[in-house]
1. Sorted from largest down, give the three principal axis spans of the alpha carbons of the range B:150-276, whole angstrom values.
2. In degrees from 0 to 90, rounded to the nearest 10, what is the angle of the helix B:393-405 Cα long axis to the longest principal axis of chain B?
3. What nm distance separates the two modelled labels at residue B:336 and residue A:154, each placed 7 Å from Cα along Cα→Cβ?
4. Under a plain spin-label model, where a point goes 7 Å from the Cα along Cα-to-Cβ, how far apart in nm are residue B:63 and residue A:389?
5. May I ask you to derive the FRET efficiency for residue B:112 and residue B:89 from their Cβ-Cβ distance with R0 = 25 Å, giving the value to the nearest 0.05?
6. Could you calculate the FRET efficiency of residue B:136 with residue A:84 from 1/(1 + (r/R0)^6), where r is the beta carbon distance between them and R0 is 25 Å, rounded to 0.05?
7. Quick one: grab the alpha carbon gyration tensor of chain B, order the square roots of its eigenvalues as a ≥ b ≥ c, and give me rounded if a/c is under 1.5, else prolate or oblate depending on whether a/b is larger than b/c.
8. Between residue B:98 and residue A:291, with labels modelled 7 Å along Cα→Cβ, what's the label distance in nm to one decimal, could you check?
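Every read-out reported here was derived from the displayed coordinates using simple, explicitly stated rules and does not represent laboratory data. Since the structure is predicted, the reported quantities are computational estimates derived from the model, not experimental observations. Cβ placement follows ideal geometry from the backbone for every residue including glycine, while neighbour counts extend to all protein chains displayed.
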């Protein structure tokens, strides 16, 4: 579906780079080429990895001897073409073998990463750093809406979050849709009973915050649960048809044989679970309702202070689940201007600690996935792990403010002007070094 | 309304209803009404200094909600000094800690042996070994005990003094450990009861020290593995950032490392049945500088001194004061109240009982504009309390599922910050409808809690009275009035 799009993009890419370099250095972005109009048709999903994931295990600077020296027990081995080593991306970086489901995206040119990005100042507190990244308003400690909420407000669109009760990034004056993790999202619950529903609606008829929230929630839930349940029925139908198709020459099957066959048709997979299911729910709802242009997912368990493992172990399992979740999301969230950002509050120490884990660091890789992304290569500045290059003698430095990365994406997907970017993320600056991040044909 | 009114039947509460109506009708009347005799004050006191009124507490608080509240503090303190009432079939999780450690060790050894046996037989056999699921019976069983006890304690005053249940939850959340981490799971309940409950209204430094010495915390934040040669700074950081000083208090990354060095050697030795063990060999004997103080080698005593110093730091007083005010008074507590609580904290060297007395005696606690929304756990415990406590296994299962789906799984908040308690976090539209699911499910098998009628607004009460009887219990629990505390 995106092949023609792809080639046009490649052609225009060269042109776009020239334009970007030719423009002057204003605080924010340069205006687009004369007569061009900023686009505002994209959709964005942010996947937040809470707990500071170890980016050096996800995107591995395998060619750097310091990497292996600093991590005698937890380094991922230099690529040798097998799945026991890093999967080679280029001469500098490899990918964790558990992330293999994402390799096709790299090869198709729609996955990229910025290896050393993060907050402008080191902040080793998970909770403070997450808060800062979620509000994108430096210097504020409370009472500020999350940036996805702000963006939903200014763009008259709706943001949807899966799993967390009410994450900071989504909180604020704009209405957002929040659904629970897992199969609970498919259930209408007590609202399915018209008598109970009416009684509850009456009970919450009051004109206060609770009343308004309940009414909004009931309508939203009935709609989303119904959509997700319908999608589930249809995907089961699709799978059984596929199974029947394969078996059409045979005699009719018993129910049990049929079930086995269905599973086989689905490559052994049962219904998706965990992050994959949540990603499927998110993309289904965003597909059905064009109003939902902003999505949020999160995953935890990244705070690997001890025994993080290497090609197998805790972190490998976590990266595998994440990769499958992202691959699922991308499969269904792939319109021309759809973009996925994967980010975390900070990186981890470049050296392993005394307990075969890593402590709180600074710079980290931000991933970007989508057709507009100039992928199949990484972007921004990278300095190897030579001692003199490290922050505080222990962490990856931050070469690119996370807001500069977001600014590139937001300019493209939501057509944000300089003023709009400055309002959304006060104090941030346009980073020209990342101007090649978005394919120019997309601009 | 007379104090002798029997609260079991709603229609015997006209006095209180009249007061509410008068208060709603006229702001002047509201100003003149002594705040601590209204139904609103009783609701506030019983829902915050516990989880929900019971027929008995609703009556007891009638004379003066403030006097009742102060009494709760003394009763909770007294109760904290007595053993918890845990039914014998659940009590394994609360065995003496060294015994629990030995039992867990025996279990892990046995599991290892079985795994080895399987590997051996798989190698000697040409067939693939059947892949058995990892046996987690011991850890699961300990957590089941903890969960059941917690839900029983928060909903039944005969099992646990309600304010003590609330304070135990508060401290558990402040010094959070999580059953999501496998090796921490079997100790979570013991930690709740013995580290948090028994110090819940005592001295703050004793809470920090109990937490620091407990295997649940030693394992959860990896302290158990840290040594002079292999430092792990996880616990040291959270000890300052979350348990004591707070993130803006001015300590540095160097302080984090120095504190981690001070604490090296704090571990356990389960194989010897020692749930806490100071491993002198692993301790960093060099000199350390923490927040400008020099620590020379003194073994375990160094860590104790450092913890005491942190517990008595003014920033800690401020942080605990703020968290208490936020939990018990308002999402945005008046800074003057926080200051007042911090002053009591400092004056009494961190006496929680005294701080709670200041809190209940402050006008802020009683001000109607200081509203609070129940968290999912508040809501779940209060719903169970309204039906007279946990009745069966189904109540427990359903409540645990509700809490997980609501995003506040019991004893399983994964990160050390603990959950927040504010409406900005928990007032999510769809989530509110899921509370209704839970309320109606519980309500379908309980008699209508008519003793709660006086606490409902007239509108809610009239609407519920119009509904079919089988829906009414659930609707009381699902009502907007029941969501507030």
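1. Result for the range B:150-276: principal-axis Cα extents of 50, 39, 25 Å.
2. 80 degrees
3. 3.9 nm
4. 7.5 nm
5. It comes out at approximately 0.35.
6. On the way: r = 29 Å, r/R0 = 1.15.
Plugging the Cβ-Cβ distance into 1/(1 + (r/R0)^6) gives 0.30.
7. Details: a/c = 2.44, a/b = 1.43, b/c = 1.71.
Oblate shape, in that a/c is at least 1.5 and b/c is the bigger or equal ratio.
8. For residue B:98 paired with residue A:291, the spin-label model returns 6.5 nm.
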